[in-house]
Amino acid sequence: MQKEIEINIKNLEIAFLSIFLLLVFYLNFQVALKSPIAFGDEGFHSRIAQWMAERKEYPIYLDEIEGSKILAGGYPRPPLWNILEGSLFLIFGFHEAIIKFFTPFISFLTGISIYLLVKKLFNSRIAIISSIISVTTPSFVTYSVLFYTDILFVFYSSLFFFTFLLYKKTNLKKYLLLSGIFASLATLTKAPGYAYFLFIFLSFLYDYFKTKKFLENFKLYFPLILIFLVISGGLYLRNYYYYKNPTCYSLPFVKLFSLEKCNLDNFEEKYSFAGRVEQVGTEQNVYRLGIVEYLSFSYGSLILTVLGFSFGIFMLYEEKSELLPYIALFLLIFLGIFYVSTGRAEDTARYTLAWVPPIALVSSIFLEKVYQLLSSLHKYLGLLIFIPIVSLSFYNFHSKLEIMSLVKQFSPSFFEACNWVKANPDKVPENSLLITIWSHRAIYNCQRNCIGNIADIALSRDINYTLEVAKKLGITHIFIQKFSIDLRNQHLSEKYDAEFVQFLEKNPKHFEKIYENGPSLQECFSRGYCDGNIIYRIKFE
């Protein structure tokens, strides 16, 4: 009878987690499905994957996607996300539903994988709590509905770290080899994965100083080096061949390779912007925003994450856990990435996203101890701990999801303008190059090559020089969003000075207005803000 009750409770736990994760997946997918592909880098990644599927090529420089023949970014970045999406387009054809399904589904798989691996590491209760906290942490929720590389990176990162811990617990080499495979896939997904090389090296040093057996530990870790070389070595060789740099990322304090060939940059600007955007909200650096505010923004309930994590680390220390040194080393990598990415709070949360599952695991260890304490008072009293855990977690999740459903929306007039562009190839040919501050969004939604704001065009009031720069760069059209006009003329790279738009209006001989929607410019200026767009065709003669 006792055994039957225990089996039923375990079945109930699995059923509950399955329902919870499916509910989270459904709600994430609903937000993703109803949102345009326009937030941040979504259009950039979607267009690259689409281009790969259409051309069956791997771009060296992005001059045919976002940039010009003399000024464009390279493509040395980890490509796995774009390749996976592009492969799906090749198999099933191009459908936006594929893009919108992919990230919520990977988020769902991450929740399941956390449960399965943590259960092997500890027990089912810690596994369930870890999974629930992970998928509902605000920063994790953000990238569960954004069509970025990040959620795939978290998926591979959590598989890497938890299989590595499983090796340390069980001493089964299959887990060590699996961790090497997942670490390699993580490095092919996003640049912070390069830090996993450092983690492996630090773990090797720790094991060496602990055992004083260099050769034995070297033989143990050497297969990981081989796995890295076999799976991800091709990317570094390819990058070195084209860019003379294996990663095109500068290392702190060390400069081993030149960055000169990592981008096309054969244009020297005379002018420069005063800044990018106004420093407000999460555009601020972490310290200006405030540590507590940042922690709430990234992790939601400080009781579940920060407080739970602090107590969890203390308990692992008190128990002299064999896993604590490796958890501590992984968190040391977290602190390093945190330190170098504090310039913009949004980016800090993004670059450290892979550490959400380990943080959730440590928090869950403490919360499971609370469960045990309550269960010692009454057999089923411990189950009560799941009420605040699930309630706070779902509150974190739902609050963030509501915010994301709003911020993922974008100007309807922008899509209207892009639809006009696609429908009028005689006015905006397919080989056109549009300059716009919303280039990431426009390259996908307008299906035209675009380039970001150029200071020598946006800040110059010399008609001859402006035309000279536009011709040199190959820019054929100027795509203005009225809602991004800055009446204060602060010379920001992600705004249009009102003076610049007036300059275009005063020179219709060279800037022919071929499309406009929304209120007139005069009405926009008098209101102080309005929706709408203008497309000018540049006439050089």
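The values are calculated or read from the model by the stated rules, or taken from the named source; none is laboratory data. Since this is a predicted model, take the numbers as computed values, not measurements. Ideal geometry is used to build each Cβ from the backbone, glycine not excepted, and the neighbour counts take in all protein chains shown. Keep in mind that these areas ignore ligands, DNA and RNA; they rest on the heavy atoms of the full protein, side chains included. Shrake-Rupley method; radii C 1.70, N 1.55, O 1.52, S 1.80 Å.
Quick notes on this structure:
- Summary of the geometry: the range 477-502 and the range 342-398, compared by the centres of their Cα atoms, lie 45 Å apart.
- The largest accessible area among Val362, Val407, Val230 belongs to the first residue in Val230, Val407, Val362, and the rest follow in falling order (1.4 Å probe, all chains).
- Alpha carbon centroid spacing (whole Å) that separates the range 505-541 from the range 115-177: 51
- Once the 1.4 Å probe is applied to the protein heavy atoms, the chain comes out at 45 Å² accessible per residue.
- With DNA, RNA and ligands ignored, accessible area of Glu269 (1.4 Å probe; Å², nearest 10): 80
- Cα-based helix-to-principal-axis angle, 124-136 vs the chain, degrees rounded to 10: 10
- Taking the chain, the Cys residues with no second Cys beta-carbon under 4.7 angstrom are Cys450.
- Lys120 paired with Ile70, simple spin-label distance in nm, labels 7 Å along Cα-to-beta-carbon: 5.7
- The C-alpha atoms of the chain define a longest principal axis, and helix 96-121 lies at about 20 degrees to it.
- Rounded to the nearest 500, the 222 nm mean residue ellipticity of the chain from helices alone is -20000 deg cm²/dmol, with -39,500 (n - 2.57) taken per DSSP H run of at least 4 residues.
- When the chain is described by a simple charge dipole with +1 on each Lys and Arg Cβ and -1 on each Asp and Glu Cβ, the residue from Leu335, Tyr196, Phe20 located farthest towards its positive end is Tyr196.
- Between Thr110, Phe122, Gly86, the Cα set farthest toward the positive side of the dipole of the range 77-197 (charges on each charged residue's Cβ, about the Cα centre) is that of Phe122.
- Taking 0.36 nm per residue of separation and subtracting the current Cα-Cα distance, fully stretching the chain between Lys509 and Ser375 would add 40.1 nm.
- Loop trypsin sites (Lys or Arg not before Pro), the range 40-69 (other Cβ atoms within 10 Å of the site Cβ: 11 or fewer; DSSP): Lys56
- Length gained on full extension, Asp531 to Leu226: 104.3 nm, using 0.36 nm per residue less the C-alpha separation.
- Karplus-derived 3J(HN,Hα), 6.51/-1.76/1.60, for each residue of the range 306-319, Hz, glycine and proline x: 5, 5, x, 5, 4, 5, x, 4, 4, 5, 4, 5, 5, 7
- Across Lys69/Lys100; Lys69/Lys472; Lys34/Lys408; Lys169/Lys210; Lys213/Lys255; Lys174/Lys219, pairs whose alpha-carbon gap is larger than 21 Å: Lys69/Lys100; Lys213/Lys255
- Loop-located trypsin sites (Lys or Arg not before Pro) in the range 125-229 (DSSP state not H, G, I, E or B) with no more than 13 neighbouring Cβ atoms inside 10 Å: Lys212, Lys213.
- Bridges between two residues of the chain, per DSSP, are antiparallel at a rate of about 65%.
- About the Cα centre, charge dipole magnitude for the range 360-476 (Lys/Arg +1, Asp/Glu -1 at Cβ), debye: 240
- Computed from the alpha carbon atoms alone, the convex hull of the range 385-447 holds 101 Å³ per residue.
- Unit Cα scatterers, Debye sum, the range 239-350: log10 I(q)/I(0) for q = 0.20 Å⁻¹: -1.15
- Annotation note: GluC sites (Glu not before Pro) in the range 320-429 located in DSSP loop regions with a Cβ neighbour count of at most 14 within 10 Å are Glu322.
- Kirkwood radius, the chain, all distinct C-alpha pairs, inverse of mean reciprocal distance: 25.5 Å.
- Percent of C-alpha pairs per 5 Å bin in the range 14-119, short distances first: 2, 11, 18, 18, 16, 13, 10, 6, 3, 2, 0, 0.
- Coordinate range along principal axes, alpha carbons of the range 337-398, Å, largest first: 49, 23, 13
- The distance between label points at Glu499 and Tyr208 comes to 6.0 nm (points 7 Å beyond Cα on the Cα→Cβ vector).
- Helix axis angle, 463-473 relative to the chain longest principal axis, alpha carbon, degrees: 50
- Counting 0.36 nm for each residue step from Phe101 to Leu198 and taking away their Cα separation leaves a gain of 31.6 nm.
- Note on Ile225: accessible area approximately 80 square angstrom, rounded to 10, probe 1.4 Å, nucleic acids and ligands left out.
- Options Tyr175, Ile454, Phe101, ranked by Cα towards positive dipole end of the chain, top entry (Cβ charges): Tyr175
- For the chain: relative contact order, % (alpha-carbon pairs under 8 angstrom, 6 or more apart): 18
- Part-to-part distance (alpha-carbon centres) for the range 36-81 and the range 316-341, which is given in Å: 35
- Note that the range 168-259 shows a convex hull volume over its alpha carbon atoms of 114 Å³ per residue.
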